[in-house]
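For reference, the structure discussed in these notes is given below.
The values are calculated or read from the model by the stated rules, or taken from the named source; none is laboratory data. Computed from a predicted model, the values in this text were never measured in an experiment. Neighbour counts run over all protein chains shown; Cβ positions are idealised from the backbone, glycine included.
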Amino acid sequence: NETSITPEDCNTMETDAGVALDLVNRHRRDGYVFGLFRVADAYELHLGNSTVLYLTLDVLETECSVLSRRHWESCEYSDTYPMDFGQCKIITYTNHLLKKPQLYGFNCTLSPVPPDLVECKDCPVKLEALEVTEQHKDIAAKALKKFNSEGNHTNNFAVDKVERILK
């Protein structure tokens with residue numbers, strides 16, 4: 001068995017990177033779906049019938065909650081409020097007999113995009129993201145309680161987590 005690690009051309013890795021990013025998004029339980037901005041770095045380790053892929057991806061947060069389970073390519077990016085951008089280091093393992101990549105591990109670090117970079121000059125309203133507080137969670141819970149009581153639903157809804165507050 002021959003083992004070799006080789007750098008890959010980032011421009012040819014977009015399909016594999018998209019699959020890896022989808023695995024990361026499906027694994028996450030809170031936040032917003034990450035979309036692929038670009039492949040920053042890629043290496044492959046060949047182990048007989050298997051390949052381990054080491055990726056560094058530049059990502060942008062989309063408007064889709066990870067709970068929606070939507071694929072990142074079907075999600076929109078906000079042009080009215082600050083979004084987060086960052087980098088994900090992802091390791092996937094693929095057995096060539098099964099041909100199904102598996103997520104081995106990942107670490108994503110995000111930062112808000114500076115407001116002056118996303119400022120919308122033609123927008124009639126400027127939106128600002130606020131820190132989520134207990135008061136915001138209470139307001140959301142009361143709104144859902146009212147919705148549940150006024151609706152003719154067979155199921156009631158409850159607030160799991162408040163992700164973002166816009167002003």
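Quick notes on this one:
- Looking at Lys126, Lys100, just one residue is modelled with pLDDT under 90, among the charged types (D, E, K, R) and more than 29 Å from Lys161 (Cα to Cα), and that residue is Lys100.
- Considering the stretch 1-51, and only residues there that are of a type in the set (Val, Ile, Thr) and in contact (Cβ under 8 Å) with a residue 40 or more places away in the chain, the residue that is farthest from Ile90 (Cα to Cα) turns out to be Thr3.
- Residue within the stretch 56-68 that is closer than 17 Å to Thr12 by Cβ, in a strand (DSSP E or B), in the same structural domain as Val19 (by TED's automatic domain parsing) and free of Cβ contacts under 8 Å to residues at least 40 places away in the same chain present: yes
- Residue check: His96 meets all listed conditions (1) closer than 23 Å to Thr12 by Cβ; (2) in contact with a Gly (Cβ under 7 Å, 6 or more places away or on another chain); (3) exposed (fewer than 15 other Cβ atoms within 10 Å of the Cβ) but one, namely (2).
- For the stretch 29-55, the set of residues classified as within 14 Å of the chain's Cα centre (by Cα) and surrounded by fewer than 16 Cβ atoms within 10 Å (Cβ to Cβ) consists of Arg29, Asp30, Phe37, Arg38, listed by residue number.
Listed here are the residues, each with its yes/no results for (1) in contact with a helix residue (DSSP H, G or I) (Cβ under 8 Å, 6 or more places away or on another chain); (2) assigned to a strand (DSSP E or B).
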{"position": "Asp16", "(1), (2)": "no, no"}
{"position": "Val19", "(1), (2)": "no, no"}
{"position": "Arg29", "(1), (2)": "yes, no"}
{"position": "Phe37", "(1), (2)": "no, yes"}
{"position": "His46", "(1), (2)": "no, yes"}
{"position": "Val52", "(1), (2)": "no, yes"}
